[in-house]
Amino acid sequence: MAGEAPELSAQERAGRAFPVSWDQFHRDCRALTWRLNEVGPFHAVIAITRGGLVPAAIVARELGVRVIDTVCIASYDHDKQGELQVLKGISEQAMKLGGGTGKGLLIVDDLVDTGKTGRMVRKMLPDAHFATVYAKPMGRPLVDTFITEVSQDTWIFFPWDTALSYHPPLRDGAA
Ligand SMILES: O=P(O)(O)OC[C@H]1O[C@H](OP(=O)(O)OP(=O)(O)O)[C@H](O)[C@@H]1O
Ligand SMILES: Nc1nc2[nH]cnc2c(=O)[nH]1
Ligand SMILES: [Mg+2]
């Protein structure tokens, strides 16, 4: 409709940017593993795709876990949150390893924001341990272990979504 302000994306609403490099991400995943090592052992890692795949690989490597499963959920179309869609559920084999309730399983995702995605996976595996690298306040209560909390109005930029580019100097004309 004419005159109506365009709807802002979650990223635009966030305002603050928190760019994460590969190095930083790897360090944060290793730090997460130190904490998880106190909680395990785990029979299997369940990665929430796609963002959970990278931390799941690092965490599984550090903890010596070789059984990795995925739960494939789509919610954000780039940065707009829509209805959650489970594209692939947890495998029967992984379910069995967790005794049907997720006991001894480790769910890994890159972050929790509103908590919508995490809440859905927790329902599937109520006794699993849920770990994320980053957490925003709304999603934080859902997570058992995380490394860094960022404010709700922060948008996290992951290294697999970004590229190096020119950044103009702070002062006009200083280039
Ligand atoms: O706590 P929430 O508000 O639910 O948001 C967190 C989820 O959003 C992102 O995934 P996304 O849906 O963008 O998909 P992707 O992992 O495939 O990038 C992120 O990887 C989490 O899974
Ligand atoms: N990359 C990215 N995806 C998200 N999905 C929900 N919140 C975020 C965020 O802060 N960064
Ligand atoms: Mg995700």
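Along the charge dipole of the stretch 25-175, which of Ala74, Ala94, Gly139 sits closest to the positive end, that is, farthest toward it, with unit charges on the beta carbon of Lys, Arg, Asp and Glu (+1, +1, -1, -1)?
Of Ala74, Ala94, Gly139, it is Ala94.
Considering only Pro41, Ile107, Val121, whose Cα is most displaced toward the positive end of the charge dipole of the stretch 27-151, charges sitting on Cβ of Lys, Arg (+1) and Asp, Glu (-1)?
Pro41
Under a 1.4 angstrom probe, counting protein chains only, how are Ser165, Ser75 ranked by accessible area, largest first?
Ser165, Ser75
Given a cut-off of under 8 Å on Cα pairs at least six residues apart, what relative contact order in percent is computed for the chain? Numbers along the way, then the final one.
Details: 297 pairs, mean separation 43.0, N = 175.
This gives 25 percent for the chain.
How many angstrom separate the Cα center of the stretch 59-77 from the Cα center of the stretch 84-152?
10
Using amide H atoms built in the peptide plane, which far-off residues or other-chain residues are under 5 Å from Val112 H to H?
Tyr134, Ala135, Lys136
Per the Kirkwood definition applied to all pairs of different Cα atoms, how many angstroms is the hydrodynamic radius of the chain? Before the final figure, lay out each step's value.
Values: mean 1/r = 0.0580 Å⁻¹.
Over the chain, the inverse of the mean reciprocal pair distance is 17.2 Å.
Students sometimes get this wrong: rank Ser151, Ser9 by accessible area, probe 1.4 Å, all chains present, largest first.
On the way: Ser151 45, Ser9 5 Å².
Sorted by accessible area, descending: Ser151, Ser9.
Mind checking which lysines have their Cα closer than 28 Å to the Cα of Lys136? Skip sequence neighbours fewer than 8 apart in that chain.
Once the sequence-local lysines are set aside, what remains near Lys136 is Lys80, Lys88, Lys103, Lys116, Lys123.
With a Förster radius of 35 Å, plug the Cβ-Cβ distance of Val86 and Asp172 into 1/(1 + (r/R0)^6) and report the FRET value to the nearest 0.05.
Values: r = 49 Å, r/R0 = 1.41.
The pair Val86/Asp172 has a calculated efficiency of 0.10.
Any idea what the dipole of the stretch 27-151 comes to, in debye rounded to 20, about its Cα centre with Lys/Arg Cβ at +1 and Asp/Glu Cβ at -1?
Working: 16 positive and 14 negative charges, 29 e Å.
Dipole size: approximately 140 debye.
As an exercise, identify the chymotrypsin sites (Phe, Trp or Tyr not before Pro) in the stretch 85-175 lying in DSSP coil whose Cβ has no more than 10 other Cβ atoms within 10 Å.
Working: sites: Phe130, Tyr134, Phe146, Trp155, Phe157, Trp160, Tyr166; in loops: Phe146, Tyr166.
In loop regions of the stretch 85-175 (DSSP not H, G, I, E or B), the sparsely surrounded chymotrypsin sites (Phe, Trp or Tyr not before Pro) are Tyr166.
Using a 1.4 Å probe over the heavy atoms of the protein chains, calculate the carbon and sulfur portion of the accessible area of the stretch 75-175 as a whole percent.
Numbers: 3210 of 5900 Å².
C and S fraction of accessible area: 54 percent.
Name the longest site-free stretch of the chain, where the excluded sites are trypsin sites (Lys or Arg not before Pro) in a DSSP loop with no more than 12 other beta-carbon atoms within 10 Å.
Values: sites that count: Arg66, Arg171.
Counting only loop sites that pass the neighbour cut-off, the longest clear stretch is 67-170.
Using 14 Å as the cut-off for backbone N distance, which residues of the stretch 15-36 belong to the label zone defined by a point 7 Å from the Cα of Asp161 along Cα→Cβ?
Answer for this model: 15-21.
The values are calculated or read from the model by the stated rules, or taken from the named source; none is laboratory data. Since we're looking at a predicted model, the values are computed, not measured. Cβ coordinates were reconstructed from backbone atoms using ideal geometry, including for glycine residues, and neighbour counts include every protein chain displayed. Protein only, heavy atoms only, side chains kept; ligands, DNA and RNA dropped before computing areas. Shrake-Rupley method; radii C 1.70, N 1.55, O 1.52, S 1.80 Å.
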